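*Asks:* This is the structure I have questions about; it appears just below.
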Amino acid sequence: MVLQAKLFFIASSMEEFAEIHEKLFIETAAIGGEKDLDGQKKHYAKLFAEYGMEEDQFMVQLSASKVKLQVEDAVQLMKSSGLSGTPAIVVNGKYLIVTSSVGSQGEILDIADFLIDKERKEGR
């Protein structure tokens with residue numbers, strides 16, 4: 001999950017974050033069986049290239065100190081929330097949605113949208 005966390009934090013610093021984040025979620029599910037870490041990185045580098053980030057810049061970002069610190073914080077959060085794999089979504093620290101509990105990636109996003117809306121309404 002460290003690679004996926006790095007991808008998230010790299011994407012979150014980009015203007016097109018929402019679009020990239022959705023594509024990352026879909027791509028992560030699609031290449032879930034890929035065991036070769038370098039192959040995964042090359043795959044994701046192509047995705048980031050679609051948004052103007054060259055492969056060498058992408059590889060530098062993967063090992064940047066800022067990203068490393070963000071990942072360390074995320075690992076602590078994942079441990080405390082019970083996450084054991086990706087793709088998964090935690091909503092407001094209360095709900096853990098994993099792909100094995102639903103039929104499709106679209107369904108996991110629908111459930112997340114429902115829970116986010118619920119949490120927003122309860123927060124008012």
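The values are calculated or read from the model by the stated rules, or taken from the named source; none is laboratory data. As the structure is a prediction and not an experimental result, all values here were calculated from the model. We place every Cβ from the backbone using ideal geometry, glycine too, and count neighbours over all the protein chains shown. These accessible areas exclude ligands, DNA and RNA; they are computed on the full protein's heavy atoms, side chains included. Shrake-Rupley method; radii C 1.70, N 1.55, O 1.52, S 1.80 Å.
*Asks:* Determine which single condition Val67 fails, assuming it passes every other condition in (1) under 22 Å from Ala112 (Cβ atoms); (2) open to solvent by less than 70 Å² (accessible area, probe 1.4 Å); (3) of a type in the set (Val, Ile, Thr).
*Replies:* (1)
*Asks:* Among residues belonging to segment 1-19 that are open to solvent by 60 Å² or more (accessible area, probe 1.4 Å) and of a type in the set (Gly, Ala, Ser), point out the one that is nearest to Lys42 (Cα to Cα).
*Replies:* For segment 1-19, the residue satisfying everything is Ser13.
*Asks:* On to the next question. If I go through segment 20-36 residue by residue, how many of them are modelled with pLDDT under 90 and either surrounded by 14 or more Cβ atoms within 10 Å (Cβ to Cβ) or among the hydrophobic types (A, V, I, L, M, F, W, C) (or both)?
*Replies:* The qualifying residues number 7.
For (1) of a type in the set (Gly, Ala, Ser); (2) part of a helix (DSSP H, G or I); (3) free of Cβ contacts under 8 Å to residues at least 60 places away in the same chain, each residue gets a yes or a no:
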site	(1), (2), (3)
Gln40	no, yes, yes
Lys46	no, yes, yes
Met53	no, no, yes
Asp56	no, yes, yes
Asp73	no, yes, yes
Ser84	yes, no, yes
Gly93	yes, no, yes
Glu107	no, yes, yes
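*Asks:* While we're looking at this one, here's another question. May I ask you to say which residue of Gln76, Gln61 is in contact with a helix residue (DSSP H, G or I) (Cβ under 8 Å, 6 or more places away or on another chain) and of a type in the set (S, T, N, Q)?
*Replies:* Working: Gln76 fails: in contact with a helix residue (DSSP H, G or I) (Cβ under 8 Å, 6 or more places away or on another chain).
None of the others qualify; the one that does is Gln61.
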